[in-house]
Structure formats: C-alpha cells, structure tokens
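Colleague: Below is the structure I would like to discuss, written out as structure tokens.
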Amino acid sequence: MRPVTKGEAPDKKFKKYQETESYLEERLGAYCSFCEMPINHVPEVEHKEAKAKGGDEMAWENLLLSCKYCNTRKGTIVAKGDKEEYFWPDEDDTFHAFLYDGILPELNEEYLQNLGEETWQKAKNLFCLVQLDNVPKSPAVKDRRYTVRNEARNYALDSKQGWDKVKKTSEKEIYLRQIEMLAKASGFFSVWMNVFKDDIEVKRILVNAFKGTREEYCLSK
Ligand SMILES: [Zn+2]
C-alpha cells in the first residue's frame with residue numbers, strides 16, 4: 001500500500017469536510033489511499049476514525065481519499081480513539097507491510113513478524129478492514145478492485161518485458177515515459193513497484209509520478 005505524506009493542513013477554514021477533497025487530491029493524486037485504484041469520478045473523503053463514531057470530521061490528520069469499495073467495507077468500524085489499532089498509509093510504512101507478488105495482495109508476514117506482534121496486528125487490522133484481498137464471488141458483489149488491479153498488473157508485466165529488451169539510451173527515455181504514463185493511468189503503485197522491484201531507475205520514476213509518495217519507505221530495502 002502506497003505510503004503517503006499529505007503535508008501540513010491547508011491554511012484554510014473548511015466548513016464541510018467535502019471541501020478538503022480537492023486539497024487531498026492535489027497532494028496525493030486521485031487514487032484510493034487503501035487499494036490504490038485510480039478514481040475517475042470524484043474520490044470520497046475518507047475519515048480514518050469514522051465521523052459517525054465520533055471521529056473528527058474536519059481534522060486534516062483524520063482524512064484520506066478512498067474509492068467506494070474500500071470506503072463501504074471500512075464503514076464506521078473505526079471509532080474515535082481506535083486509530084492506533086491500525087496501520088495507516090499516511091502514518092506508517094505500509095509499503096513494506098504488504099506484498100503484491102501474486103494475484104492477491106497479502107500481509108508481509110516475515111517483515112511484520114520481525115517488528116513484533118503489535119505491529120503485525122495493526123497491519124493485519126487495516127488489511128482486513130478494507131478487505132484488500134477480496135475476490136468478488138458473484139457479479140452481484142460490487143467490488144472492481146480485484147479486476148482493475150489485475151489489469152494494472154498485466155500492464156506492468158508487459159511493460160517490464162518490453163523494458164528488458166530496450167537497449168539504446170534514446171529508446172530508454174521514451175520507454176520510461178511510456179511506463180510513467182501507463183502506471184499513472186492504470187494506478188496500483190505497489191503493483192508496479194513490485195514488478196519493477198529490481199530496477200531502481202523505474203522505481204524512481206514511479207515514486208515521482210505518484211504525488212505524495214513517501215520516497216524514504218519506497219526506495220529503501
Ligand atoms: Zn480502494
């Protein structure tokens with residue numbers, strides 16, 4: 001999950017939390033903060049601590065962007081004061097917490113076990129909260145995350161195959177630009193980073209292409 005920085009709260013008095021959407025989008029890009037899906041309609045402003053359970057409606061530190069699939073699953077489960085029981089992409093190293101090697105994201109058990117039981121549990125709580133590995137069992141289940149993520153994965157894998165064949169410097173620049181555009185359009189930063197995990201040149205491009213990404217987590221081992 002892409003770790004992000006929202007920066008300081010905008011110097012503006014908001015009357016409604018919906019007014020923060022354009023600021024969040026400007027800082028983070030129009031991607032779901034949890035599943036990383038590109039959001040083509042207006043993203044939903046997501047309250048980490050649910051406003052229906054006492055979470056602060058306007059506090060910048062309580063806000064993220066979400067797709068409707070993650071937002072629906074998260075619902076009002078996290079009440080005021082419960083935030084510390086979860087990992088959050090704007091607070092924690094969510095880049096290393098989850099793996100994107102296969103068709104479905106999973107917990108990075110080895111990495112998390114080393115950090116101790118409490119940290120492992122927080123990462124797992126977030127993973128389960130938004131059901132990051134959900135596979136819709138029937139068309140009646142509204143959840144496009146699985147399909148769209150795998151489309152992005154196929155784009156990334158195809159791009160990697162092509163990239164490995166590019167030898168000339170002049171062609172490399174053009175191809176890198178293509179990768180950047182395709183990654184931004186198809187979203188799922190972590191999927192792209194995993195496919196290009198051994199290629200620092202491409203990883204740098206990806207980190208810069210997705211606004212608000214925390215480079216210190218994504219480009220470290
Ligand atoms: Zn989502």
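Colleague: Taking the residues in segment 112-140 that are within 18 Å of Ser66 (Cα to Cα) and part of a loop (DSSP other than H, G, I, E, B) as candidates, determine which candidate is farthest from the ligand (Cβ to nearest atom).
Modeller: Asp133
Colleague: Follow-up. Please count how many residues of segment 69-86 are under 21 Å from Pro38 (Cα atoms), surrounded by 15 or more Cβ atoms within 10 Å (Cβ to Cβ) and not polar (S, T, N, Q).
Modeller: Looking only at that region, the number is 4.
Colleague: If I ask for residues that are part of a loop (DSSP other than H, G, I, E, B) and small (Gly, Ala, Ser), which ones from segment 164-217 would you list?
Modeller: Gly187, Gly212
Colleague: Right, next: Give me a count of the residues in segment 8-56 that are farther than 25 Å from Arg214 by Cβ and within 15 Å of the ligand (Cβ to nearest atom).
Modeller: 1
Colleague: For segment 69-82, which residues satisfy the criterion of being near the ligand (Cβ under 9 Å from one of its atoms) and without any contact (Cβ under 8 Å) to a residue 40 or more places away in the chain?
Modeller: Once the filter is applied, which keeps residues that are near the ligand (Cβ under 9 Å from one of its atoms) and without any contact (Cβ under 8 Å) to a residue 40 or more places away in the chain, segment 69-82 yields only Asn71.
Colleague: Does segment 110-121 contain at least one residue that is β-branched (Val, Ile, Thr) and surrounded by fewer than 16 Cβ atoms within 10 Å (Cβ to Cβ)?
Modeller: no
We did not get these values from a lab; they are worked out from the coordinates using the rules stated. Worth saying up front: this structure is predicted, and the values here are computed from it rather than measured. Methodologically, a virtual Cβ is constructed for each residue, glycine included, from the backbone with ideal geometry; neighbour enumeration extends over all protein chains shown.
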